[in-house]
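Student: Before we start, here is the structure in question, set down as structure tokens.
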Amino acid sequence: MKDTLKHQGMRNQLAKTVAAKGITDKKVIEAIKSIPRHLFMDSSFEDHAYQDKAFPIAANQTISQPYTVAFQTQLLEIRPGDKILEIGTGSGYQCAVLIEMGAQVYTIERQNELFKKTSRFLSKIGYKPKKIIFGDGYKGLPDEAPFDGIIVTAGAPFVPKPLMSQLKVGGKLVIPVGDEIQTMTRFTRTSEKEFKKETYGDFRFVPLLEDRN
């Protein structure tokens, strides 16, 4: 598949849609405008790529709704050069948004099929995370901690303690918490032992899988 003027026009419209829903961070909106989302989906579903909705991908996962991607990214308050850990690489679309905004991204995927496919794909289209790891997102990435931000792109029934401990002071964890319906939650580390908690309404995500071994 190619990226055409038609696709760019559809992306511009999508960016207007997410802005109308309350996304105010101009860098987030520019990232939505820049990234060819149709390349992250099967070519037979190309017509759906620039609609503001989630869509199924491999391994019973989804490519998140663009508004949800933009919303979570905006909550991270990314600055160029920030070190960001992403839990749930999925299609790679959220990862590409973070890279487009100048973040250094470390990303973990639990599904081996997606890990292999997305590792190759992101490199092919020029979005290169610092590291892409096949592993258990609940454990985070202690060897690379601390992080300026951590983003979880699947529904977590609870907040994993390792993720909290891997934040820098001043760093933010954005995570949807809950079982069938999740509450978007942001934790900001205010000191070594203290965190500020904020909630931002209900969302629906696929579940965050844990390595039971």
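Only the coordinates and a few stated rules stand behind these numbers; no lab work does. Nothing here was measured: the structure is a model prediction, and the numbers come from that model. Please note: Cβ atoms are built from the backbone with ideal geometry, for glycine as well, and neighbour counts cover all protein chains shown.
Student: Can you give the charge dipole size of the chain about its Cα centre, rounded to the nearest 20 debye, using +1 on the beta carbon of Lys and Arg and -1 on the beta carbon of Asp and Glu?
Tutor: Approximately 480 debye in magnitude.
Student: Return the label of the correct value of log10 I(q)/I(0) by the Debye sum over Cα atoms at q = 0.15, 0.19 Å⁻¹, as calculated from the structure shown, out of [x] -0.91, -1.55; [y] -1.13, -1.41; [z] -1.02, -1.35.
Tutor: Among [x] -0.91, -1.55; [y] -1.13, -1.41; [z] -1.02, -1.35, the one calculated here is [x].
Student: Report, for the chain, the % of DSSP beta bridges that are antiparallel, rounded to 5.
Tutor: 45 percent
Student: Are there any trypsin sites (Lys or Arg not before Pro) in segment 1-96 that are in a DSSP loop and have at most 14 other Cβ atoms within 10 Å? List them by number.
Tutor: Of the trypsin sites (Lys or Arg not before Pro), the ones in loops of segment 1-96 whose Cβ has at most 14 other Cβ atoms within 10 Å are LYS2, LYS21, LYS53.
Student: Working out 0.36 nm times the residue gap between PHE45 and LYS27, then minus their Cα-Cα distance, what length gain in nm do you get to one decimal?
Tutor: Full-extension gain reported as 3.8 nm.
Student: For segment 127-199, which trypsin sites (Lys or Arg not before Pro) are in a loop by DSSP, counting at most 14 other Cβ atoms within 10 Å?
Tutor: Counting only loop positions with at most 14 other Cβ atoms within 10 Å, the trypsin sites (Lys or Arg not before Pro) in segment 127-199 are LYS130, LYS193.
Student: Using DSSP to define loop residues, name the chymotrypsin sites (Phe, Trp or Tyr not before Pro) in segment 108-213 whose beta-carbon has at most 13 other beta-carbon atoms within 10 Å.
Tutor: Loop-located and lightly packed - PHE158.
Student: Then there is this: For GLN8 and SER191 in the same chain, what is the full-extension length gain: residue separation times 0.36 nm, less their Cα-Cα distance, in nm?
Tutor: Roughly 61.6 nm would be gained on extension.
Student: Any chance you could run the full-extension gain for GLU77 through ASP52? It's 0.36 nm times the residue separation minus the Cα-Cα distance, nm to one decimal.
Tutor: 6.8 nm
Student: Using a Cα distance threshold of under 24 Å, what count of lysine pairs results for segment 42-147 when pairs must be 8 or more residues apart or interchain?
Tutor: The result is 20.
Student: Counting other beta carbons within 10 Å of each Cβ, put ASP52, ASP82 in order, fewest first.
Tutor: Fewest to most other Cβ atoms nearby, the residues stand as ASP52, ASP82.
Student: If R0 is 30 Å, what FRET efficiency do you get for SER165 and GLU198 from their C-beta distance, rounded to 0.05?
Tutor: 0.95
Student: For q values of 0.15, 0.17, 0.26 Å⁻¹, compute log₁₀ I(q)/I(0) with the Debye formula on a Cα-only model of segment 1-86, without solvent.
Tutor: Relative scattering, expressed as log10 I(q)/I(0), comes to -0.57, -0.73, -1.33.
Student: Just from its helices, what would the mean residue ellipticity at 222 nm be for the chain, if runs of 4 or more DSSP H residues each count -39500 (n - 2.57) and the sum is divided by every residue, rounded to the nearest 500 deg cm²/dmol?
Tutor: When only DSSP H runs of four or more count, the value is -8500 deg cm²/dmol.
Student: Another question, if that's okay. What percent do you get for the relative contact order of the chain when only Cα pairs under 8 Å and 6+ apart count?
Tutor: RCO, the chain: 15 percent.
Student: Suppose every Lys and Arg Cβ carries +1 and every Asp and Glu Cβ carries -1, with no other charges. What dipole size does segment 18-62 come out with about its Cα centre, to the nearest 20 debye?
Tutor: 240 debye
Student: Now for a different question. Can you pull the semi-axes for segment 125-213, root of five times each eigenvalue of the Cα gyration tensor, sorted largest first, whole Å?
Tutor: Calculated on Cα positions only, the semi-axes equal 19, 19, 13 Å.
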